[in-house]
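Here's the structure, in structure tokens; my notes come after.
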Amino acid sequence: MNLDDLPIRDDLRGKSPYGAPQIDVPVRLNTNENPYPPSPELVADLAEAIRAGAGDLNRYPDRDATELRAGLAAYLGHGLTTEQVWAANGSNEVLQQILQAFGGHGRTAMGFEPSYSMHPIITSGTNTEWVKASREEDFSLDPGKAVAAIEEHRPDIVFLASPNNPTGTAQPIETIEAVLSAATGMVVVDEAYAEFARAGTPSALTLLPAHPRLIVTRTMSKAFAMAGTRLGYLAAHPAVVEALLLVRLPYHLSTLTQTAARVALRHRDELLGTVDALRRERDGTVAWLRSKGLSVADSDANFVLFGRFPDRRTVWEGLLAAGVLIREVGPPEWLRVSIGTGEEMAAFRAALEGVLQ
Ligand code: PMP
């Protein structure tokens, strides 16, 4: 029997699952992880916290993750409170819960492509219709065109990734405000990479007090260097959090996850201490790629989109043969490299020079 023989939903037939390759190579620069592992002190603190709580594992976790949400609210600042913050297993699950509550059959979600591939996947997975709007040649958004697209389609949910994946493009706050004033539904600003933004790129969190239908999503997977923990979160009006309680599974965040995330928050100076080095490495990578005559998108994230290669597959394979895994994603002719350690980026540069010769 194969997949097609199953009575699967018609709208899922022929679809492909999300699938960044997980290949064991020396230099992994393909899923925008933070390359720096936790310190031995953090690992010891985490092990102790897990040990201390393990005696209660016969009990369900705190269903509302109250202590963790209080910690996340304090981290975000902007006067946010526990009631305005929600958390789930990665920001992907946060996004899915948003779609479950505000999307669904007969409803639409809009995004500006190229953007994060999971936005349309989670949209169709929740039986919501995906409406594609576009970006400019340099991957920026023209606020006038964005407003026109929203007024034409009147989506129930608008996604705006800022900084955007896979392009690295951050939106000026004025563009987000224009989208918010045109949208009649929910506006989700996906800030998975916010901590990497260059100076002068304010977070959409500043807009929350004036915009009750704005949701800002964040994650511990990137700057926080905790991708394995699977912890994503959002900030929004307390009524939005109440809406998500209607669709979340009971006890969705395990005791172990809540513990690990709380330990990560305690160690945030260490974890976020790598952000400056990654930013410098990113800016150096952009400059180096440009010095090789390549096209490179400006980046406010921990990755860089570069091209243009009429046959990008050959370049990707050449790098892989040299032990460097990057991502074949985004518009045709472009490739994305996540920012690694200095050594990893030196290996990337050497491998790319070899391929381009
Ligand atoms: N949003 C964006 C823009 C992303 O790039 C990613 C991860 N690639 C996510 C959300 C989801 O991350 P996570 O589920 O690990 O929080």
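Within the stretch 250-260, if we keep just the residues that are of a type outside the set (A, V, I, L, M) and either modelled with pLDDT under 95 or assigned to a helix (DSSP H, G or I) (or both), the residue that is nearest to the ligand (Cβ to nearest atom) turns out to be T257. When V147 is tested against (1) within 13 Å of the ligand (Cβ to nearest atom); (2) under 27 Å from A210 (Cβ atoms); (3) of a type in the set (V, I, T), exactly one condition is not met: (1).
Across the stretch 90-126, the qualifying residues are those that are polar (S, T, N, Q) and touching a helix residue (DSSP H, G or I) at 6+ places or on another chain (Cβ under 7 Å), and the one among them that is nearest to the ligand (Cβ to nearest atom) is N92.
The residue that is farthest from W316 (Cα to Cα), among those in the stretch 10-37 that are of a type in the set (D, E, K, R) and touching a residue at least 60 places away in the same chain (Cβ under 8 Å), is D11.
Does A264 qualify as being more than 10 Å from the ligand (Cβ to nearest atom), modelled with pLDDT of 95 or more and under 17 Å from G71 (Cα atoms)?
Values: more than 10 Å from the ligand (Cβ to nearest atom): yes; modelled with pLDDT of 95 or more: yes; under 17 Å from G71 (Cα atoms): yes.
In short, yes.
The residues of the stretch 110-128 that are surrounded by fewer than 21 Cβ atoms within 10 Å (Cβ to Cβ) and either over 21 Å from the mean Cα position of the chain (by Cα) or hydrophobic (A, V, I, L, M, F, W, C) (or both), listed by number, are M118, I121, N127.
Screening G200 with (1) surrounded by fewer than 23 Cβ atoms within 10 Å (Cβ to Cβ); (2) away from the ligand (no atom under 16 Å from the Cβ); (3) modelled with pLDDT of 95 or more gives one miss only, at (3). Contact map, the stretch 223-237: first residue farther than 18 Å from W86 by Cβ and more than 9 Å from the ligand (Cβ to nearest atom), second residue of a type in the set (V, I, T) and part of a loop (DSSP other than H, G, I, E, B), Cβ cut-off under 9 Å, separation 6 or more or different chains; pairs are A223/T274; A225/T274.
Consider the stretch 46-68. How many of its residues are more than 16 Å from the ligand (Cβ to nearest atom) and either in contact with a His (Cβ under 7 Å, 6 or more places away or on another chain) or outside any loop (DSSP other than H, G, I, E, B) (or both)? Full working, then the answer.
Of all residues in the stretch 46-68, those more than 16 Å from the ligand (Cβ to nearest atom) come to 46-64, 66-67.
Going one step further and asking which of them are either in contact with a His (Cβ under 7 Å, 6 or more places away or on another chain) or outside any loop (DSSP other than H, G, I, E, B) (or both), we end up with 46-54, 66-67.
Selection size over the stretch 46-68: 11.
A single entry from V247, V275 fulfils the requirement of being β-branched (V, I, T), out of contact with any Asp or Glu (no Cβ under 9 Å at 6 or more places or on another chain) and away from the ligand (no atom under 13 Å from the Cβ): V247.
The values are calculated or read from the model by the stated rules, or taken from the named source; none is laboratory data. Values in this document were obtained by computation on a predicted structure and should not be read as measured data. Cβ sites come from the backbone with ideal geometry, for glycine too, and all protein chains shown count toward neighbours.
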